[in-house]
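Report on one structure; see the data block that follows.
The values are calculated or read from the model by the stated rules, or taken from the named source; none is laboratory data. These numbers come from a predicted model, not from an experiment. Don't worry about glycine lacking a Cβ; one is built from the backbone with ideal geometry, like all the others, and counts go over all protein chains shown. When the accessible area is computed, the model is the full protein with side chains, heavy atoms only, and any ligands, DNA or RNA have been set aside. Shrake-Rupley method; radii C 1.70, N 1.55, O 1.52, S 1.80 Å.
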Amino acid sequence: MRPDLEIIQQWIKPGHHILDLGCGDGTLLDYLQRERGVSGFGLEINPEHITTCMGRGVAVIEQNLDTQGLGNFDDGSFDVVLMTQALQAVRRPDRVLDEMLRAGREGIVTFPNFAHWRLRWGLTLSGRMPESEALPYKWYNTPNIRLCTFKDFEALCRQKGIRIKSRRVVDGQHQNSWLARLWPNLLGEIAIYRITRENEQ
Amino acid sequence: MPDSLPADSVGIVSPQTYHFENPIDLACGQTLESYDLVVETYGELNADASNAVLICHALSGHHHAAGFHSVDERKPGWWDSCIGPGKPIDTNRFFVVSLNNLGGCHGSTGPGSINPATGKPYGPDFPVITVSDWVKSQALLADRLGIDCWAAVVGGSLGGMQALQWSLDYPERLRHAVAIASTPRLTAQNIAFNEVARQAITSDQEFHEGRYYDFDTLPRRGLMLARMVGHITYLSDASMGEKFGRELRDQAYKFGYGAEFQVESYLRYQGERFSESFDANTYLLMTRALDYFDPAYEFDGDLSRALAPASCNFLVLSFSTDWRFTPARSEEMVNAMIAARKKVSYAEIDAPWGHDAFLIPTPRYTDIFQAYMARVAREVGA
């Protein structure tokens, strides 16, 4: 199994009610349903992904986070709200984080680190927008419009009173390397954050 | 009718009449002592009767959902685009049951049937039927067919309401409910359109307070107007524009009130044809069933509470240009299901055809429907 899924599933308990924002083709929810016995929904806007989810028995709802938010979900109605590799693609990640921790008791977020050494190096040397395995797009067609670094994200969490319960840093292949653990903001490509409100346990 | 039947057609089919002798108590307080239901089936019921799918029809629909009655039939059943070998409701895997609802005018007992108490047609004495009544009669039909649990109950528009009602009235008797282009209740505007349709019918001089059978006449004009109003609401501005624009029948304005624009003559033709084949009392009854449908009514309007008994999986689909039952109405239903922690999937299909889009195959609609139903088939081992 992909190491990032392995890490995420350790934080999910059997019977948890889960919301997966930008659930893609439903791989993660499908896995969690089968292995962890969770219930819940995925939100997605890509038509092919939605069809795939429906075909594999993942409950998926077509919903655009940018325009519709999460207003249709009651406060605290989920144990965990997940968002893997979608934070950088929404218009207001700060508001989405607030909404995640309103609708759910806990959040799990993964996103690519714009401070990774290869991206820094690429920009310095070539003077062009960097590309990597985690960010395989051109500047003009990328869905990733709100790139940040691990430090930026953690600063936002502090500002918002969001507590980081755990952080795991992996490389572009979602491998957990000791170097990335040592200098995460420089060597980590993707981080998996487990977050909650300051006052939550 | 085509010279040869299309390969993905269920082929030549024939309806069957099921007679029920046990009285059925209706929501309005009346009882039907005995009644008939006309039914078509496609595909084969498997050994453990797990692969049955119920198709619920919309306002003016009936039992003939797929295939042809004869090689001379011009058009196939009303949902032929979605039912057949290899189609979303795949008859190679599913046993499909489609019926004409109680109160209908295509063979099932309705206002035009003979009332055994009087020996004359029921006419306006036929009891008002609700969506719940239909579901009850469909459950009795399922008993008769040896089906304990439907793999899925599927319907568009008024048919979607029946699917939703099934999930509440008989939660243990269906695995999936599919509601397409539907709504959890009518809005004031929806009811207003129905009222215009009913007024058109009841104010026709030939209506005779619903006893037109006795006068050997029909309120054709009223029914035609009712259908014209309905028809407009089933299409979209864009699809009508594309089909007719402001095209004239003859090149110039005639400065009169005949059917000068193509769209006028189209509506008149459709209305007239409909008035020849549909019963006016049934139209009143079906629009009333639409108006009354509101599962949240007994729960202070809280649909999520009304949904508490449901245990099936739901698929809800809406269409972007449907202004009869807008995507917002479907989302209302979906949000109540989310709040009630039901298993629901939802997509809004971008299609230009208005409410009628649920009858017209568009790639995304077909793909989603196909994927979902394939999963249902796998689940029941079909």
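Working from Cα positions, state the angle (0 to 90°, nearest 10) between the long axis of helix A:117-126 and the longest principal axis of chain A. It is inclined by approximately 50 degrees. Most simply put, chain B has about 35% antiparallel DSSP beta bridges, counting only bridges with both residues inside it.
Distance from the alpha carbon centroid of region B:217-281 to that of region A:6-67 works out to 47 angstrom.
Heavy-atom accessible area buried between chains A and B is around 1500 Å² (1.4 Å probe, both sides summed). Sorted on the mean count of surrounding Cβ atoms within 10 Å across their residues, most packed first, peptides B:112-122, B:219-229 read B:219-229, B:112-122. Taking every alpha-carbon pair under 8 Å whose residues sit at least 6 apart, chain B reaches a relative contact order of 18 percent. About its Cα centre, the protein assembly as shown has a charge dipole of approximately 2340 debye under the convention of +1 per Lys or Arg Cβ and -1 per Asp or Glu Cβ, with nothing else charged. Computed from the Cβ-Cβ distance with R0 of 22 Å, the FRET efficiency linking B:ARG246 to B:ALA188 stands at 0.10. Farthest towards the positive end of the charge dipole of chain B, among the residues B:ILE360, B:ASN22, B:GLY155, is the Cα of B:ILE360, using unit charges on the Cβ of Lys, Arg, Asp and Glu.
Each helix, a run of at least 4 DSSP H residues, gives -39500 (n - 2.57); summed and divided by the residues of chain B, these come to -10500 deg cm²/dmol at 222 nm.
Of all DSSP bridge pairs formed entirely within the protein assembly as shown, close to 40 percent run antiparallel.
Judged by the gyration tensor of its Cα atoms, with axes a ≥ b ≥ c, chain B is rounded; a/c sits under the 1.5 cut. Taken along the Cα-to-beta-carbon direction at a fixed 7 Å, the label points for B:HIS208 and B:ALA308 span 5.0 nm.
Measure nothing but the geometry: give the 0 to 90° angle between the long axis through the Cα atoms of A:47-56 and the longest principal axis through the Cα atoms of chain A, rounded to 10°. Roughly 50 degrees between the two axes. Angle of helix A:93-103 to the longest C-alpha principal axis of chain A, folded into 0 to 90 degrees and rounded to 10: 30°.
Total Lys pairs in the protein assembly as shown closer than 25 Å by alpha-carbon, pairs eight or more apart in sequence or interchain only? So the count works out to 12. Counting only Cβ charges, +1 for Lys and Arg and -1 for Asp and Glu, the dipole size of region B:1-122 around its Cα centre is about 280 debye. Going from the isolated chain to the complete set of protein chains, region A:25-64 loses at least 50 Å² of heavy-atom accessible area (1.4 Å probe) at A:PHE41, A:THR51, A:MET54, A:GLY55, A:ILE61, A:GLU62. Candidates B:LEU141, B:TRP78, B:SER203 compared by Cα position along the dipole of chain B: farthest toward the positive end lies B:TRP78, with charges placed on Cβ.
Could you tell me whether region B:289-382 comes out rounded, prolate or oblate from its Cα gyration tensor? Rule is a ≥ b ≥ c as square roots of the eigenvalues, rounded for a/c under 1.5, then prolate if a/b exceeds b/c, otherwise oblate. In terms of gyration-tensor shape, oblate. Average accessible surface for region A:53-201: 50 Å² per residue, computed with a 1.4 Å probe over protein heavy atoms with every protein chain in place. Each of B:SER311, B:TYR269, B:TYR297 was scored by the projection of its Cα onto the charge dipole of region B:268-318, and the greatest displacement toward the positive side belongs to B:TYR269; charges sit on the C-beta of Lys, Arg, Asp and Glu. Computed about its Cα centre, the charge dipole of region B:190-288 is approximately 160 debye, with only Lys, Arg, Asp and Glu carrying charge at their Cβ. Only protein atoms count toward the accessible area here, which uses a 1.4 Å probe; on the protein assembly as shown, the carbon and sulfur part of that area reaches 50 percent.
The mean number of Cβ atoms from other chains found within 10 Å of a Cβ in peptide B:366-375 is 4, as a whole number.
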